Amino acid sequence: MTEGMTGDDRDLRARFAALRRQEEVHAPGFHALASPPQPALTRANPGRKGWLVFAACLAASIASVLWWQRPIHERPAHRPAAPTVSVTAWTAPTQFLLNTPGGEMLRSVPAFGAGADYGNAPRLPQKHRGQPKKVLPKEELD
Amino acid sequence: MTETVLHEELERLHPASFGWALWCCDRRRDEAEEVLQTTYLKILEGSAVFDGNSSLRTWLFAVIRRTALERRRRRWLRGQIFDRWQASQPSPLPLPDPEASASIADSSRALLLSLAALSVRQRQLLHLVFYQDLSIEEASGVLNISVGTARTHFERGKRQLRKLLAPPRGNPRGNQ
């Protein structure tokens with residue numbers, strides 16, 4: 001590599017070599033990074049922990065969704081039947097406002113002959129009803 | 001390759017791997033540590049298997065890069081879901097971690113700031129070639145791109161970096 005190298009190349013190489021010497025002093029120990037698998041596992045733990053947290057959050061969100069969906073389906077079956085009111089029977093709370101004085105006269109039709117009290121008229125005696133007619137003898141008719 | 005030999009090789013490459021992981025994670029130290037740990041777990045548990053088609057370093061760097069991309073994708077998705085506003089905010093210059101850069105000399109800080117202005121691919125290629133001493137062919141293998149593309153990006157990035165590191169006019173001594 002050094003063959004055919006210009007002066008500038010040598011200068012650059014010298015600069016890089018100086019940088020390398022300064023950095024090599026502060027390089028971490030090989031055994032700290034390579035030998036024990038335990039530190040590697042502990043270093044890998046944050047990532048794994050992150051995945052565990054993510055999985056737990058996912059499971060919790062799925063569970064909450066299922067929890068909220070369940071009552072929607074089961075609500076009609078579990079709830080007691082509400083008292084149903086017929087539409088025709090229902091009256092509004094403000095119904096009394098429609099009751100004007102004398103309104104009954106407009107809503108009702110007077111009965112024909114209701115003024116005479118026919119109900120108290122004397123009736124035929126019951127004994128005449130259902131009795132066979134008297135047949136007069138022939139000689140009486142003549 | 002036996003597990004013991006693999007373990008020893010990983011230990012030998014650990015500082016370089018950390019430097020590459022730091023670069024793949026926009027120089028966020030915590031993230032780089034996690035990416036590197038995940039990479040080691042993948043290798044030691046057998047989910048990433050070295051097939052011997054390339055050098056172990058090239059393969060290891062490719063696994064680190066892929067792991068960082070997966071992590072970034074996950075973070076982006078999380079951002080899309082939980083914090084769309086923040087995720088939509090573009091971050092044009094991934095500035096170095098202030099805590100990590102506190103121990104870095106001014107010249108290196110200027111280099112980091114200049115690199116932050118480059119595209120991700122240019123940055124990664126320059127890092128792999130200059131910082132990790134890989135050839136452009138090896139770097140293209142790590143980034144899973146063709147050698148021609150890698151060379152183009154490397155040359156453009158180098159030109160841009162020189163321009164950014166060049167001393168301002170009227171100060172021929174430079175910024176060192």
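The values are calculated or read from the model by the stated rules, or taken from the named source; none is laboratory data. Worth saying up front: this structure is predicted, and the values here are computed from it rather than measured. All Cβ positions, glycine included, derive from the backbone under ideal geometry; neighbour counts span all protein chains shown. For accessibility, only protein heavy atoms count, side chains too; no ligands or nucleic acids. Shrake-Rupley method; radii C 1.70, N 1.55, O 1.52, S 1.80 Å.
With respect to the conditions (1) in a helix (DSSP H, G or I); (2) surrounded by fewer than 19 Cβ atoms within 10 Å (Cβ to Cβ), B:Arg123 falls short on a single one, namely (2). Give me the pairs, please: first residue somewhere in segment A:15-30 and at the interface with chain B (Cβ under 7 Å from one of its Cβ atoms) and over 20 Å from B:Ala166 (Cβ atoms), second residue anywhere and open to solvent by less than 50 Å² (accessible area, probe 1.4 Å) and of a type in the set (Val, Ile, Thr), beta-carbon distance under 8 Å, and either six or more positions apart or on two chains. From segment A:15-30, the pairs are A:Gln22/B:Ile104; A:Glu23/B:Ile104. Considering B:Ser135, B:Ser140, B:Ser108, B:Ser146, the condition of being open to solvent by 10 Å² or more (accessible area, probe 1.4 Å), under 17 Å from the mean Cα position of the chain (by Cα) and not aliphatic (A, V, I, L, M) is satisfied by B:Ser135 alone.
Please work out which residue is farthest from the other protein chains (Cβ to nearest Cβ), limiting yourself to segment B:21-48 and to residues that are on the phi > 0 side of the Ramachandran plot and surrounded by 19 or more Cβ atoms within 10 Å (Cβ to Cβ). Step through it out loud before you land on a result.
Looking only at segment B:21-48, we keep the residues that are on the phi > 0 side of the Ramachandran plot, and these are B:26-27, B:46.
When the remaining residues are screened for being surrounded by 19 or more Cβ atoms within 10 Å (Cβ to Cβ), the result is B:26-27.
Working: B:Asp26: 14, B:Arg27: 9 Å.
Result: B:Asp26.
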